[in-house]
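Since the structure comes first, as structure tokens, the remarks are kept for the end.
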Amino acid sequence: MIEGCQESAFPANSSTNYLSVIPTAARAASLPEYTPFPYGVASGDPLPDAVIIWTMLDSLAARTDSSIVWQLSRSPEFTPPLRSDTITVTAAHHYRLKEDVRGLQPGTAYYYRFGHRGKWSRTGRTRTAPAREFRGQVRLGVVSCNALEWGYFNAFEVMAQEPFDAIIHLGDYIYEYASGAYGDTTIGRLHYPRHEVVTARDYHQRYAQYRRDPQLQLAHANHPFICVWDDHEVANNSHTKGAENHNPELEGDYLTRMTAARAIYYDWMPVRERASGELYRSFEFGQTADLYMLDERLAARTAPAADFSLAALEDTTKHILGQRQLSWLSGELATATGHWQLIGNQVLFAKLDLSNILPQYAVNLDAWDGFRHEKSQLIDSLRKYRNPNTVFLTGDTHCSWYFEVEPSVDQAPPLAHEFGTPSVSSANYDEFIQGWDTLTVAKYRLYRDNPHLQFTNLSDHGFLVLDITPEKLSATFRFLKDIRKPDLREKSHKTFLLDYVHHHAR
Ligand SMILES: [Fe+2]
């Protein structure tokens, strides 16, 4: 025990008056004014026997080699704590504590909290993944694209109060832009620092701002997250060698920027850090579903095709996953045991023809359509293992989509399905492209030009909910009324139900 941080220094129930299992907005508003943990608590990457728990000490409260106590229990009263330890945290990692708690029971809710110099954090609740033999229902939230300047994180607060096994975050967890460069500054949520984030210090300050958001904190406190980065965790349309929004003459060496952004991401996010340094990884939810989280930005992505010519689009030197990740995914799909195969995907996989709507985006070179060599390799794998219960979960576009991927002409089931989640707050098409009548565009152009498109919504924010059993997968888009003020009311929802298709591999 260090710095007087003995467990006995904390009254057993000191947290329960303001720290609830599922706090309401009113309870959140009554949080004490000072806490050494201003960024809340988080958990993530649930396995049947392990989960990551996370917090970060206020740098003003920290000293060199400060220590944090963590406790984990089956009960929110922590009587008694099941597991406990004291960990030294350092300035090198911004005083974050990230503990991979092992030896836990599968499919079980746990409560956790952190202590420092006589004060407890709020209580977090997390959940381990179900046991390998589990064949019951799994409920997942799917979310992406929370630009702070575009609006309130109402979706996160609504999600905080849903009974999820986990929340999948598909990236754009922060945005790198300067204040006013991308957003609606009239609602008064201004980026800090005001300038575009480029250095490690900048990125750290930007995450600190986002993680002070009480609605985002609630979602993290109540559910384990499974996260990947997309492009804005570094800069718009980033890849391993550069980004659309990176100017080496003004902003310096790209590799330095990307390395800094990557390290800061790991300090802030409750993701498991692996010796390989790779972020792509897989999860199992019993026999019900497997989840593959892909890294389509910083693993191996090259610069996009230079133009829409066939030679450029089919260039075999262009990568989105890279051969190593593609081989890993192909191997996972070949040996998968879950009924449903979920692919956590950043950019749209299905073909999207916008040539009659936005000719300059006739092919989205930033999405899988711009990397046809690897797209066709993954399609070949899907065909080979012929599991029609494959579902892509996609972020990035800020709009809602349901595609049948490569639909068959002979009444056979489609090769896969793809659900694109709406943004929490980042601009929809109608906010981004002034004067668009989005409904008309969607009805008369998008559906006509893309017959495999089953549904789109280009003008609402929200999230996606998956209710999965071995026999059915229900995907519900949940749309919120307003993001320009704190408001938990929902506007509408839309559900699609998929039946499990029995198949024989190969
Ligand atoms: Fe985004």
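Residue by residue through segment 388-397, note down the ones that are more than 16 Å from the ligand (Cβ to nearest atom) and of a type in the set (A, V, I, L, M). If the condition is that a residue be more than 16 Å from the ligand (Cβ to nearest atom) and of a type in the set (A, V, I, L, M), then Val391 is the only one that fits.
Just one of (1) within 16 Å of the ligand (Cβ to nearest atom); (2) farther than 26 Å from Phe164 by Cα; (3) surrounded by fewer than 24 Cβ atoms within 10 Å (Cβ to Cβ) fails for Ala235. It is (3).
Exactly one residue out of Leu279, Leu291 is assigned by TED's automatic domain parsing to the domain that holds Asp380, within 28 Å of Tyr385 (Cβ to Cβ) and out of contact with any Ser or Thr (no Cβ under 8 Å at 6 or more places or on another chain): that is Leu279.
Out of Glu284, Glu278, Glu296, I need the residue that is out of contact with any helix residue (DSSP H, G or I) (no Cβ under 7 Å at 6 or more places or on another chain), over 22 Å from Tyr182 (Cα atoms) and within 16 Å of the ligand (Cβ to nearest atom). Which one? Break it down into steps so the answer makes sense when it comes.
On the way: Glu284 fails: within 16 Å of the ligand (Cβ to nearest atom); Glu278 fails: within 16 Å of the ligand (Cβ to nearest atom).
Glu296 is the lone residue from the list that is out of contact with any helix residue (DSSP H, G or I) (no Cβ under 7 Å at 6 or more places or on another chain), over 22 Å from Tyr182 (Cα atoms) and within 16 Å of the ligand (Cβ to nearest atom).
Scanning segment 459-472 for residues that are crowded, with 16+ Cβ neighbours inside 10 Å and over 20 Å from the mean Cα position of the chain (by Cα) yields Ser459, Thr469, Pro470. Scanning segment 32-61 for residues that are closer than 15 Å to Leu216 by Cα and not in a strand (DSSP E or B) yields Phe37, Pro38, Tyr39, Gly40. Pairs linking a residue in segment 102-120 that is in the same structural domain as Ser73 (by TED's automatic domain parsing) and assigned to a loop (DSSP other than H, G, I, E, B) to a residue that is of a type in the set (Gly, Ala, Ser) and buried (at least 24 other Cβ atoms within 10 Å of the Cβ), with Cβ atoms under 8 Å and 6 or more positions apart or on different chains, are Pro106/Ala129; Gly107/Ala129. Can you find a residue that is surrounded by fewer than 17 Cβ atoms within 10 Å (Cβ to Cβ) and under 23 Å from the mean Cα position of the chain (by Cα) anywhere in segment 438-454? Taking every residue of segment 438-454 in turn, none turns out to be surrounded by fewer than 17 Cβ atoms within 10 Å (Cβ to Cβ) and under 23 Å from the mean Cα position of the chain (by Cα). Here Thr302 fulfils each of the conditions (1) over 25 Å from Gln360 (Cβ atoms); (2) touching a residue at least 60 places away in the same chain (Cβ under 8 Å); (3) surrounded by fewer than 17 Cβ atoms within 10 Å (Cβ to Cβ) apart from (1). Within segment 191-226, being more than 16 Å from the ligand (Cβ to nearest atom) and over 19 Å from Phe156 (Cα atoms) holds for Tyr192, Pro193, Arg194, His195, Val198, Thr199, Ala200, Arg201, Asp202, Tyr203, His204, Gln205.
Does Pro193 satisfy being in contact with a Lys or Arg (Cβ under 8 Å, 6 or more places away or on another chain), free of Cβ contacts under 8 Å to residues at least 24 places away in the same chain and either farther than 30 Å from Thr128 by Cβ or not polar (S, T, N, Q) (or both)? Considered against the rule, which asks whether it is in contact with a Lys or Arg (Cβ under 8 Å, 6 or more places away or on another chain), free of Cβ contacts under 8 Å to residues at least 24 places away in the same chain and either farther than 30 Å from Thr128 by Cβ or not polar (S, T, N, Q) (or both), Pro193 comes out as yes. One residue is enough: does segment 221-233 have a residue meeting the conditions over 29 Å from Ala334 (Cα atoms) and part of a helix (DSSP H, G or I)? Looking through segment 221-233, at least one residue is over 29 Å from Ala334 (Cα atoms) and part of a helix (DSSP H, G or I). Count of segment 282-304 residues, restricted to those that are closer than 20 Å to Trp368 by Cβ and part of a strand (DSSP E or B), is 4.
Mind checking which residues of segment 240-265 are within 16 Å of the ligand (Cβ to nearest atom) and in contact with a His (Cβ under 9 Å, 6 or more places away or on another chain)?
Matches in segment 240-265: Asn245 only.
Taking the condition on the phi < 0 side of the Ramachandran plot, surrounded by fewer than 23 Cβ atoms within 10 Å (Cβ to Cβ) and within 16 Å of the ligand (Cβ to nearest atom), does Ala427 pass? Spelling it out, Ala427 is indeed on the phi < 0 side of the Ramachandran plot, surrounded by fewer than 23 Cβ atoms within 10 Å (Cβ to Cβ) and within 16 Å of the ligand (Cβ to nearest atom).
Restricted to segment 348-387, and to residues there that are in contact with a strand residue (DSSP E or B) (Cβ under 7 Å, 6 or more places away or on another chain) and either within 16 Å of the ligand (Cβ to nearest atom) or not in a helix (DSSP H, G or I) (or both), the residue that is nearest to Leu497 (Cα to Cα) is Asn387. Of the residues screened, Phe403 is not one that is farther than 13 Å from Val142 by Cα, among the hydrophobic types (A, V, I, L, M, F, W, C) and at pLDDT below 75. Selection of segment 113-154 for residues being on the phi < 0 side of the Ramachandran plot, of a type outside the set (Gly, Ala, Ser) and within 16 Å of the ligand (Cβ to nearest atom) yields Val142, Val143, Asn146, Leu148, Glu149, Trp150, Phe153. The listed residues are Glu296, Glu314, Glu251, and the only one of them that is within 17 Å of Ser376 (Cβ to Cβ), surrounded by fewer than 19 Cβ atoms within 10 Å (Cβ to Cβ) and touching a residue at least 40 places away in the same chain (Cβ under 8 Å) turns out to be Glu314. Residue pairs whose Cβ atoms lie under 6 Å apart, separated by 6 or more positions or on different chains, with the first residue in segment 168-187 and within 12 Å of the ligand (Cβ to nearest atom) and modelled with pLDDT of 95 or more and the second charged (D, E, K, R) and assigned to a loop (DSSP other than H, G, I, E, B), are Gly171/Asp230; Asp172/Asp230; Glu176/Glu196; Tyr177/Glu196. Just one of the listed residues (Trp229, Trp268) is of a type outside the set (D, E, K, R), more than 16 Å from the ligand (Cβ to nearest atom) and crowded, with 16+ Cβ neighbours inside 10 Å, namely Trp268.
The values are calculated or read from the model by the stated rules, or taken from the named source; none is laboratory data. Bear in mind that the values here come from a model prediction, so they are computed numbers and not experimental data. Here the Cβ is made from the backbone with ideal geometry for all residues, glycine too, and neighbour counts use every protein chain on show.
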